[in-house]
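The values are calculated or read from the model by the stated rules, or taken from the named source; none is laboratory data. Keep in mind that this is a model prediction, so the values were computed, not measured. We place every Cβ from the backbone using ideal geometry, glycine too, and count neighbours over all the protein chains shown.
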Amino acid sequence: MMSSPVRVLVVDDSALMRKLIPQILRTDPSIEVVGTAIDGKFGLRKLDELNPQVVTLDLEMPGMSGIEMLKEITRSRRVPVIVVSSHSTQGAAVTLQALALGAFDFVAKPADV
């Protein structure tokens, strides 16, 4: 019996990352990318609308930042969040803040993308 794929929401202000991250995730048949969002505010709406099981989250975005979105997720929604950010290596303090706020883990964006 095959289990249902893990439903993932990708939140990133970069159009390139909103294309690349789902492409990478879709190579695994146990993952289904259910949507993307361009910032934290739109991400929260998509989170409520699509009911993903995991969120990948950029930290540096205009409008509502990834940190602000993460605070809201951990306060009221309890969905695992994986930070995907260029700040994961360059800005270790913000990455540590995200982990302290409840992010499950982090992945650094490639520097050459």
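Taking the stated definitions as given, is Ser65 in contact with an Asp or Glu (Cβ under 9 Å, 6 or more places away or on another chain), in contact (Cβ under 8 Å) with a residue 24 or more places away in the chain and closer than 17 Å to Pro22 by Cα? No: the conditions fail for Ser65.
Among the residues making up the stretch 45-90, a single one is on the phi > 0 side of the Ramachandran plot and either touching a helix residue (DSSP H, G or I) at 6+ places or on another chain (Cβ under 6 Å) or among the β-branched types (Val, Ile, Thr) (or both): Gly63.
Does the stretch 57-66 include one or more residues that are out of contact with any strand residue (DSSP E or B) (no Cβ under 9 Å at 6 or more places or on another chain) and surrounded by 15 or more Cβ atoms within 10 Å (Cβ to Cβ)? Yes - at least one qualifying residue is present in the stretch 57-66. Among the conditions (1) among the aliphatic types (A, V, I, L, M); (2) more than 16 Å from Leu101 (Cβ to Cβ); (3) modelled with pLDDT of 95 or more, Met1 misses just one, which is (3).
Residues considered: Val55, Val10, Val33, Val94. Of these, the only one that is outside any loop (DSSP other than H, G, I, E, B) and either over 14 Å from the mean Cα position of the chain (by Cα) or modelled with pLDDT under 90 (or both) is Val94.
Across the stretch 1-30, which residue is farthest from Val81 (Cα to Cα) among those that are surrounded by fewer than 17 Cβ atoms within 10 Å (Cβ to Cβ) and β-branched (Val, Ile, Thr)? Here the answer is Thr27. Going by what's in this entry, would Val113 be described as in a helix (DSSP H, G or I), among the aliphatic types (A, V, I, L, M), modelled with pLDDT under 95 and farther than 16 Å from Asp39 by Cβ? Here the answer is no, as Val113 does not meet what is asked.
Remark: pairs (first residue in the stretch 98-110, in contact (Cβ under 8 Å) with a residue 60 or more places away in the chain and of a type in the set (Lys, Arg); second residue surrounded by 14 or more Cβ atoms within 10 Å (Cβ to Cβ) and in a helix (DSSP H, G or I); Cβ separation under 9 Å; 6+ apart in sequence or on different chains) = Lys109/Met17; Lys109/His87; Lys109/Ser88.
Take the conditions surrounded by 20 or more Cβ atoms within 10 Å (Cβ to Cβ) and in contact with a helix residue (DSSP H, G or I) (Cβ under 6 Å, 6 or more places away or on another chain) and apply them to Leu101. Does it pass?
Working: surrounded by 20 or more Cβ atoms within 10 Å (Cβ to Cβ): no; in contact with a helix residue (DSSP H, G or I) (Cβ under 6 Å, 6 or more places away or on another chain): yes.
In short, no.
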